[in-house]
1. With +1 assigned to the C-beta of every Lys and Arg and -1 to the C-beta of every Asp and Glu, and no other charges, what is the dipole magnitude of chain B about the Cα centre in debye, to the nearest 20?
2. Treating cross-link reach as a plain straight distance, find the lysines whose alpha-carbon is under 21 Å from the alpha-carbon of B:Lys308, omitting any fewer than eight places away in the same chain.
3. Restricting everything to alpha-carbon atoms, can you work out Rg to Rh for region B:398-445 with a Kirkwood hydrodynamic radius?
4. Considering the options A:Met93, A:Met1, A:Thr41, tell which one lies farthest towards the positive end of the dipole of chain A, charges being +1 on Lys and Arg and -1 on Asp and Glu at the Cβ, about the Cα centre.
5. Need the list of lysines near B:Lys92 for cross-linking: C-alpha distance under 18 angstrom, and skip anything on the same chain fewer than eight residues off.
6. Rounded to a whole number, what is D in µm²/s for chain B from Stokes-Einstein with the Kirkwood radius over alpha-carbon pairs (25 °C, 0.890 mPa s)?
7. Please state the shape class of region B:160-217: rounded when a/c is under 1.5, otherwise prolate if a/b exceeds b/c and oblate if not, all from the C-alpha gyration tensor.
8. Size of the dipole of region B:184-267 about the Cα centre, Lys and Arg at +1 and Asp and Glu at -1 on the beta carbon, nothing else charged, in debye to 20?
Amino acid sequence: MRKVKLVEISHARSGDKGDISNVGLIAFDQKGYEIIKEKVTAARVKEHFGDLVKGEVIRYELPNILALNFVMHGALGGGGARSLRIDSLGKTMAGALLRMKIELDD
Amino acid sequence: MKSIRLGSGSGMWPDRLDAAIEIIEKGNVGYISFDTMAEMTLPGMQKLRFDDPEKGYTDIRRTANDIMPVCVMNKVGLISNCGGANPVSAGKIAIDVANRLGLHGTRIATVSGDDTTGEKCLARIKELKAKGISLDHLDTGEKLESIEGRIIAMSVYLGAEPIVEALEQGAQIVITGRHTDSAMWLAPACYEFGWALTDWDRLAAGVIVGHLAECSGHITGGNFSFWQEVPDPAHLGFPIVEVYENGEAIISKVEGSGGLVSEATCKEQLLYELHDPAYYVTPDVVADVTGLRFEQVGEDRVKLRGIKGKPRPATLKACIGYRDGYVGQAFAFYAWPNALAKARRAEEILRGRFQMMGIEAYEIRFDYIGVNSLHGSLSPEPEVELNEVGLRVAVKSPEESNVIKVIRDIYALDLSGPAAQTGVFHLPPREMIAMWPMLIPREEVQHEVVVTEIP
């Protein structure tokens, strides 16, 4: 058992729509996809983001490109037009997700 | 099989001009489209138009003076949403410039839709309400009454249809207002191939092509996780998409330009601002990318296939711009020793003073730049003594005077605060215009295409 940060086993890109931030998490290969599919659940992502994400987190699966997509509501301090955050568009939310640690079985 | 090459000249305002010119001159494209509007650009444009009925466009002057003549010279069609909240005004400017430059025979189209400001906007809202149309907030379900008295403008997101109409009328230059960005690439594909407006799979392919192209450098190595591997980023080539009649496409860029196109850059852009992959909603079609495949077929060439489409929705997205208070921010800097501790002490002092002064605010926010201003509470405590920390104070208040009081107090800490505060600057208080998204039935929305030929 060892703990790894998601940044070691995947890459990501985040986007925004209003107060919703989405983070696409992309594995490097099929094996990596199976791992993130099992370990990176919507609940765990919501827990990871803590007070940064005030609403629900929905997870979509895209096995065709080895990716998961997390759609997070209430995640941008009101959204681009209203937020006081420097990163009101959540460009750095992808990096924030990649900080998350998971346990690998090998 | 028939194919058409479409360039991407801009993903935001401002974007790099040289990369767009490179595509027009060397990219062998039939059309080049310019997205100058992020989602939050629109409220700002609505406010400009509210304050001055002739304003509210984005990049029209550069588009008309620097890009249009190059397109005409190289016989490349130009489509741009730089009309913003005032495509009619922007169109007038384009026509005026074309006349001055002597672009004889050039046809310029202005596409305007459902854009109303001030009194006209309020009348339009009343009209929609009278028809029993719900104007609830699209994401939160809140009622429109909560922003009554603060509304300044409304715009409806149009799709590809009006742009196709403009092309069918022979327009070489198309100036639009608020469209879905992807429509600016779907439309020329639709026009060139004669795709029916109910050919859902092909329309979906065109929309996804637009989605991939609409953020310029985002797919050619910009904002890329493996940015260290991107060659020559100062001369990043913007994307060119070769669309085939059957809906397949190849994403590439001008040969010899900087940047790179790979399956990884394409995947990152596909996921950008995507929600449900089976249900990507646009005015033209609902796209389904769950069967999409990317395949590297050459250096900086990635093939795209497998997109499916479902019928377009009965509703269109509209955005109301409304006044949402005043916002200001100020920055101050502290150096070693104890940079972070000094910034923390400054925050403590300021909070106490704001309470003492009775500052009324929706929100007062403190960030430490270099420590936690981007990842917030996810940022670990620094393990080493930092060289410097920036203190940022941002405030949103119903009253501008409160914002000014907060900013003043940060300056005053130079003489009354922790050791060696320096570099204080602020951004002038501005009125915040927020966006209220909602859905209205598509039959409620009219659009107009006006084509002018330069004599």
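Just so you know, all these numbers are worked out from the coordinates, no wet-lab data involved. Just so we're clear, the structure is a prediction, and the values are computed from it rather than from any experiment. In this analysis, Cβ positions are derived from the backbone assuming ideal geometry, glycine residues included, and neighbour counts consider all displayed protein chains.
1. Working: 45 positive and 63 negative charges, 127 e Å.
So the magnitude is around 600 debye.
2. Correct list for B:Lys308: B:Lys2, B:Lys267.
3. Using only Cα positions, Rg/Rh for region B:398-445 is 1.38.
4. A:Met93
5. Excluding near neighbours in sequence, the set is B:Lys55.
6. On the way: Rh = 24.0 Å.
Value of D from the Cα-based Kirkwood radius: 102 µm²/s.
7. Values: a/c = 1.83, a/b = 1.05, b/c = 1.73.
Oblate, because a/c is 1.5 or more while a/b does not exceed b/c.
8. Approximately 200 debye in magnitude.
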